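See below for the structure under consideration.
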Amino acid sequence: MNAAFAWALQRRISLILVVCVLAVSPVKAAERLVFSTFEGSSLSTVGGLVLKRAYSKLGIEVEIYETSGSRSLVLASTGHVDGEVIRIRDVEDRFPSLLRVPTPTVLLEGMVFVQERKLKTVTLENLPQKHVGYLVGAVHAEIFTEGFSNVWTAPDEGELFRLLASGKLDAVISDRIDGGLMIAKLKLSGIVPFGPPFQIEPLYHYLHIRHRALLPRIEAVLAEMRDSGEAEEIVRRALANGT
């Protein structure tokens, strides 16, 4: 075997080994992933906290990129980022390049918020006739308030809760995380949930298909965090701290 042939063979073997390593573990080369999500969503922020903790157990750093909801899906599905922080269940049907991690990251718990002093005067029977507000684009709130006679929508949830605190609204339709964090952020007192959640919707983490080998690993971590209560503890601390 002459020297030139031996050098070429060694170079080819080295290239094959590099390709094999990258194919088996695409994340290890970078140990850093970027996930896109809704801009200005407290629910997404908390979901990001859960994911950062989960991926840290695998030695992977996570960066969250906030943008519009539609652009976030485009970036994730085309592989410009590594996946989505949280989305509803049917996303994989519309975007086959995104793989859903089976264990929910967080829950969307649709809730009605009222002034505590009005708990005795607001009822499920008269709520449709009350002054009710919700965030523009909140689909769960749109569905819940179908048939209501006096609905106010706003692009800023803070505005809605300030109107509720001033008595100009009788109720705000939100969710446990977004509503709870907004109340804490605005330092409002006397605003409480009206009964249990009217809807509970699991929200899932999605990975771009190039990270298919990572899916069972992060699924195992998220399932363990759910079963141990660690994921719920992250949510609880976020609500308590107004994160």
For LYS57, which lysines qualify as cross-link partners when the Cα separation must be under 27 Å and same-chain residues fewer than eight apart are set aside?
LYS28
Select from TYR65, PRO155, PHE95 the residue farthest towards the positive end of the dipole of segment 56-188; place +1 on Cβ of Lys and Arg, -1 on Cβ of Asp and Glu, and compute about the Cα centre.
PRO155
Which cross-chain or sequence-distant (5 or more) residues have an amide H under 5 Å from the amide H of PHE194, H modelled 1.01 Å from N in plane?
VAL112, PHE113, VAL114
Phi-derived 3J(HN,Hα) across segment 69-86 with the Karplus relation (6.51, -1.76, 1.60, θ = phi - 60°), rounded Hz, x for Gly and Pro, is x, 5, 5, 4, 5, 4, 4, 6, 6, 8, x, 5, 10, 8, x, 10, 5, 9
Asserting the computed 222 nm helical MRE of the chain (DSSP H runs at least 4 long, -39500 (n - 2.57) per run, divided by residue count, to nearest 500) equals -13000 deg cm²/dmol
Of the candidates GLY167, GLY180, PHE198, the farthest towards the positive dipole end of segment 139-215 (Lys/Arg Cβ +1, Asp/Glu Cβ -1, centred on the Cα centre) is GLY180
Karplus ³J(HN,Hα) for segment 189-203 (6.51 cos²θ - 1.76 cosθ + 1.60, θ = phi - 60°; Hz, whole; x = Gly/Pro) runs 10, x, 10, 9, x, 9, x, x, x, 8, 7, 10, 10, x, 10
Any residue on another chain or 5+ positions along whose placed amide H is under 5 Å from the amide H of VAL81 is listed here as ALA76
Please report, largest first and rounded to whole Å, the three semi-axes of the ellipsoid equivalent to the chain, where each semi-axis is the square root of five times an eigenvalue of the C-alpha gyration tensor.
46, 17, 14
Which value does Rg/Rh take for segment 43-159 over its C-alpha atoms, Rh per Kirkwood?
1.06
Degrees, to the nearest 10: 176-186 long Cα axis against longest axis of the chain
70 degrees
Hey, can you grab everything whose amide H is under 5 Å from the amide H of LEU108? Only 5+ residues off in sequence or another chain; H modelled, so Pro and N-termini drop out.
GLU201, LEU203
Among bridges DSSP assigns within the chain, what percent are antiparallel (round to 5)?
55 percent
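Readers should treat all values here as calculations from the given coordinates under stated rules, not as data from a laboratory. On a predicted model such as this, the values are computed, not experimentally measured, just so you know. For neighbour counting, all protein chains shown are included, and Cβ atoms are generated from backbone atoms with ideal geometry for every residue, glycine included.
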